[in-house]
Amino acid sequence: MAGTAEKYLKPEVIRQVARLDLRAKFIVEGFIAGLHASPFQGFSVEFSEHRKYSSGDNISDVDWNVFAKTDRFYVKKFQAETNLTGYLVMDLSGSMGYTYRQELTKFEYGVSLAAALGYLMIHQQDPVGLIAFDQKVRQSLAPASKRSQLGNILSLLARLAPSGVTDIPSSLHQVAGMLKHRSLVMIFSDLLGDRDAILRAFHRLRFAGHDLIVFHILDEAEAEFPFEGMVRLEDNETNETIEVDADAIKADYLEEVARFRAAYKADCVRARIDYVPLHTGVAFDKALMSYLLLRQARA
Amino acid sequence: MEMSLLNAGLAAGAALAAIPVILHLFMRQTPKQVIFPALQLIRERQKRSRKRLRVKNWLLLLARMAVLALMALALARPRLYSETPLGDESAPTALGLVFDTTLSMDYVEKDKSRLDLAKDRARDILDRLPDSSLVFVVDSAAPGVPSGLPPAAARKVVDGLAVHPVNRTLNAAMAQVYAGVAECDRPVHVVYVLTDLARSSWAADQPAEGLDLIAPKAQAKTKSAAKPRTATFIMSLAPPDPHNVSIEEIQTSASMATDGEPLGVAALVRSQGAAPATRTVEFYLDDKKRGEQPVTITPGGQALARFQTPPRFGEGGVHRAELRLSGEPDPYPDDDRRYATFKVRPALRALLIADSTIDSEFVAAALDPDPTAAARSVRVDRTRPAQFSKMRQDGLRAFSAVFLLSVAELDDAGWALLLQYVRDGGGLVIALGPRTSLDNYSGVVPSQLLPAKLVGKSVAPEGATFGKVADLTHPLFDPIGKDLAAQLGLVPIFRRWNVSPTENAGRVLIAYSDGAPALLERVFKGPRSGRVLLWTTPLSQLPSAAPDPRKNPNLWNFFPNPSSGWSFLVLMDRSVSYLAGAAAEQLSIEAGESALVALDPQARFSRFLLTSPDGKTTEELTPSPTNPFLEVVAPRAIGQWKLTGIGPDNQTTAMGFSVNPPRAESRLARLEPPDLDVIFGKDGYQLAQDVQTFKDQERTMRVGHEVFPWLMFLIMLVITVESVMANTFYKEAKAPQAAGA
């Protein structure tokens, strides 16, 4: 990631860019620039993505440049083939506004990622909408693919602020009721809540025919538990506190986090939901790449 | 197992174990306030692992407390005891010192005898003893419970100790020391036994006497129930590699030399050690060297050096023989000399009475095989019963023994003559034969003489022989009783007289194989005891042509026949010596035995002067008017004692006897720990083979086993366990998997 554009994939760098539209642009450009050294060379907004060549594909669609570099056959897929309505679903819970020592809160990280994805989709002519919820759906923007839609989305995202408690399951049920057509639902949440209820809400969306990508965003401190000695931990949503010997429970906690993520992952895999575990210390390209690969596999 | 602390004050440091608790309770770190939305995950985890976490924390707390407590305990230097500790050396002590003063303690190595070493060790012990202690010094040769002495006085007693040829077993000496120590009121009771552990000094198969006095139960019964236990230390002074060449035995060919006949003297030389030994045996007769002979003995082997006295070297009286080892110096000199005392007397005379020559032929040949020889130990005269009856009593007294051999009948005069002869101290041998008259031998006078009443002739059971020898220590048989009994078992017996032993007078000496009496004895007590030996089968063998001896009424046994072994010859020869009174004398004895000197009844000694071998002590003895022997009870000094009999006109007669060191002392065989287990009980003693071991054992008994090293080991172990637990419980968590990967 030596290139200038690619540095914006780092959360600590993108934080210095105040305007969200620029953030989205820089993230996507950085991501695209990174792809030049990859099998995705030549990827641009003019076509949606590459996929592996399979028998029956038009030979003229084979990307010979990619073949020359990778010795593999890739076929260019154009936007007409992948026109899919996307919804960016943002969790506004108070816990999303947390970071221990990172540059971005979970929410800011999610917003940056959502903006980048929105930017990417608009440039592929995919209609994109936005839904934000805490205990219920608070904000929504109908999907559209026109260029002005990006401005609307970014403007709304910039206005959003996490606060208070959240009820992810009922909010997702509400979202499920709002979507009339088969869509790609991208959820940005820390998923701290009743796991079974949240999974049931995922299933409902999935059974309604929607594709689901869950960006499970934890703070770096939540993922790695960097504390030492005695600490009094306070839940900023419920104000509940708990006193622990950080050294004593670190291993157990990390095991619990892994278990927590593994449980979501296992259920999501069963329901053919794309589950992307992230934390705020992870560069954006990994999240975007996950998206891209998942989309590619889905195509 | 009991425990004490050398630095008890430091044990209070164990209270430091409370520090982790105090730190945990009162000095808890103020927790840092942190916002953490994922509290849900911690709570869920805690639900499952709260108990485990608590156990982990407790384990760690306990391990840390244990480290502090163990360190405090280690600094206090705890010691363990298997029994009550003796306490340190400054405590007033009842100290028992048992000295083995048997001859083997004279063994010299590095210019020091075992007894010198024992004294050195004892002085070391006494030097360390507080003045308020009492010391009980026991010399194994001296009986009686010793009185407690202050250390300084005990030192003088120790300095004066010497070895003694006559000793008691150390088992008995333990009773003396335990009796003294157990009653002493000093708080510490210790007994040291200083011995070379020679087997001859101990009764290895018996427990030490007096163990009951120091047993816990016995002590509880005494007035103060809190009496201390008595610790017994055995300090072995045995040389590590003993080597010794000794004259183990002096053998004479007869207990009494006959005028004009040489006497054989032999030395049995034994070597103990790893190397062969060469020595010279010197023979002295009446303090004059008469010969020497070199001997080479293999390791652990023995050799015989034989000498002979000149045929005529001084008639009458008592003579002294001495054998000495010379050559290389010997670490144990006490057994390099042995002594024998013997008398020279004229040839004994035996009168054989028989109806026919053949009846006395075998006995005569056994006693006096060459009547033409100049030197004869026994001179035999023969006579017929009729001639015998005409003899005068005075004439009969010249004979040491009279044999009545298969005589059919003897008239009353003859029987009376014999009775008087026996009552005057004479010796009579009667052999019943085929023609012996039951009536004649059952008369009034014979009944007073014979040891048994004749019942009748009988045919012996098939395969009968002589059987059991009733008393192997009888002077007639000793010391060859066992061999003789084996030989007698080879003699076929076909016929015999059945007899019934006279009540309170007849004693069976030899029985037949079916238990019937074969040889009986009757003793007539008097100034000089008379004896009658009665054989119930003839001492002759009549010629027989019958192929089956059992069908020949004249053939009663094969006893005199050389084909039946040597028992006939030996018994006839010993019978004359025995009846002459020579066999009863004990002039060559081992230390601890009593000397028995036969007295001439004609001499009428009024007193005796007994002079020790070194001539330094003289003791006056008075004879018993009824005892024909003078008994000197257990003379102590080794060597040749002089005994001077003083008659009515102050006429003196020189006599004497020899005392030799006990043979067992020369063997230098050692007791082994299993033997000591039998003597003192398995845990009843501490055995130290050298000074260092002894010091270690004494320190252990006084201050117990030091636990410090074990505690340090335990501390290291607990620290290691604590580290392992801490690292396991608080292990560095694996870096979380990169999200999104």
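The values are calculated or read from the model by the stated rules, or taken from the named source; none is laboratory data. What you are looking at is a predicted structure, and each value in this text was computed from that prediction instead of being measured. Neighbour counts are summed over all protein chains in view; Cβ atoms, including those assigned to glycine, are modelled from backbone coordinates with ideal geometry.
Here B:ARG312 does not fit the description of being part of a strand (DSSP E or B) and over 29 Å from the mean Cα position of the chain (by Cα).
What are the residues in region A:118-154 that are of a type in the set (Ser, Thr, Tyr) and either surrounded by 19 or more Cβ atoms within 10 Å (Cβ to Cβ) or without any contact (Cβ under 8 Å) to a residue 12 or more places away in the chain (or both), if any? Walk me through it before giving the result.
At the first step, the residues of region A:118-154 found to be of a type in the set (Ser, Thr, Tyr) are A:119, A:140, A:145, A:148.
Hits for region A:118-154 are A:TYR119, A:SER148.
Select from region A:158-169 the residues that are surrounded by 15 or more Cβ atoms within 10 Å (Cβ to Cβ) and aliphatic (A, V, I, L, M) and write down the one among them that is nearest to the other protein chains (Cβ to nearest Cβ). Step by step, filter region A:158-169, then rank; the result is A:ILE168. If we scan region B:335-348, do we find a residue that is touching a His at 6+ places or on another chain (Cβ under 8 Å), within 30 Å of B:ALA198 (Cα to Cα), crowded, with 17+ Cβ neighbours inside 10 Å and at pLDDT 85 or above? Yes, there is a match, as at least one residue in region B:335-348 is touching a His at 6+ places or on another chain (Cβ under 8 Å), within 30 Å of B:ALA198 (Cα to Cα), crowded, with 17+ Cβ neighbours inside 10 Å and at pLDDT 85 or above. Screening region A:170-281 for helices (runs of 4 or more DSSP H) wholly inside it with 3 or more residues that are more than 7 Å from chain B (Cβ to nearest Cβ) returns the ranges A:195-207, A:246-270. Of all the listed residues (B:ARG320, B:ARG337, B:ARG345), the sole one being among the basic types (Lys, Arg), under 21 Å from B:SER104 (Cβ atoms) and touching a residue at least 60 places away in the same chain (Cβ under 8 Å) is B:ARG337. Here B:MET712, B:MET701 are screened, and the one residue that is surrounded by fewer than 17 Cβ atoms within 10 Å (Cβ to Cβ), modelled with pLDDT under 90 and either more than 20 Å from the chain's Cα centre (by Cα) or not assigned by TED's automatic domain parsing to the domain that holds B:MET256 (or both) is B:MET712.
Exactly one residue out of B:PHE403, B:PHE399 is part of a loop (DSSP other than H, G, I, E, B) and under 17 Å from B:LEU533 (Cα atoms): that is B:PHE399. B:HIS24 meets the conditions (1) within 14 Å of chain A (Cβ to nearest Cβ); (2) touching a Leu at 6+ places or on another chain (Cβ under 9 Å); (3) modelled with pLDDT of 75 or more in every case but one. The failed one is (3).
Going through (1) in a strand (DSSP E or B); (2) crowded, with 22+ Cβ neighbours inside 10 Å one by one, B:LEU539 falls short only on (1). Scanning region B:517-543 for residues that are of a type in the set (A, V, I, L, M, F, W, C) and in contact (Cβ under 8 Å) with a residue 40 or more places away in the chain turns up B:ALA518, B:LEU520, B:PHE524, B:VAL532, B:LEU533, B:LEU534, B:TRP535, B:LEU539, B:LEU542. For B:LEU596, indicate whether it is on the phi < 0 side of the Ramachandran plot, part of a strand (DSSP E or B), in contact with a strand residue (DSSP E or B) (Cβ under 9 Å, 6 or more places away or on another chain) and modelled with pLDDT of 90 or more. So B:LEU596 fails the test.
Step by step: first the residues of region A:69-97, then only those that are at pLDDT below 85 and among the hydroxyl-bearing types (Ser, Thr, Tyr), then the one that is farthest from the chain's Cα centre (by Cα). Which residue is that?
Of everything passing the filter in region A:69-97, A:THR70 is farthest from the chain's Cα centre (by Cα).
Pairs meeting the criteria (first residue in region A:181-198 and within 16 Å of A:ALA271 (Cβ to Cβ), second residue surrounded by fewer than 17 Cβ atoms within 10 Å (Cβ to Cβ), beta carbons under 6 Å, at least 6 apart or on different chains) are A:ARG182/A:GLY209.
Among the residues that make up region B:358-381, is at least one of them in contact with a Leu (Cβ under 8 Å, 6 or more places away or on another chain), β-branched (Val, Ile, Thr) and more than 25 Å from B:PHE558 (Cβ to Cβ)? So far as region B:358-381 goes, no, none of its residues is in contact with a Leu (Cβ under 8 Å, 6 or more places away or on another chain), β-branched (Val, Ile, Thr) and more than 25 Å from B:PHE558 (Cβ to Cβ). Among the residues of region A:141-175, just one is farther than 19 Å from A:ALA114 by Cβ and under 19 Å from the mean Cα position of the chain (by Cα), namely A:PRO169.
Taking B:ASP330, is it free of Cβ contacts under 8 Å to residues at least 40 places away in the same chain, outside any helix (DSSP H, G or I) and surrounded by fewer than 20 Cβ atoms within 10 Å (Cβ to Cβ)? Break it down into steps so the answer makes sense when it comes.
Values: free of Cβ contacts under 8 Å to residues at least 40 places away in the same chain: no; outside any helix (DSSP H, G or I): yes; surrounded by fewer than 20 Cβ atoms within 10 Å (Cβ to Cβ): yes.
Here the answer is no, as B:ASP330 does not meet what is asked.
For region A:288-296, does any single residue satisfy the condition of being modelled with pLDDT of 85 or more and crowded, with 22+ Cβ neighbours inside 10 Å? Scanning region A:288-296 turns up no residue that is modelled with pLDDT of 85 or more and crowded, with 22+ Cβ neighbours inside 10 Å.
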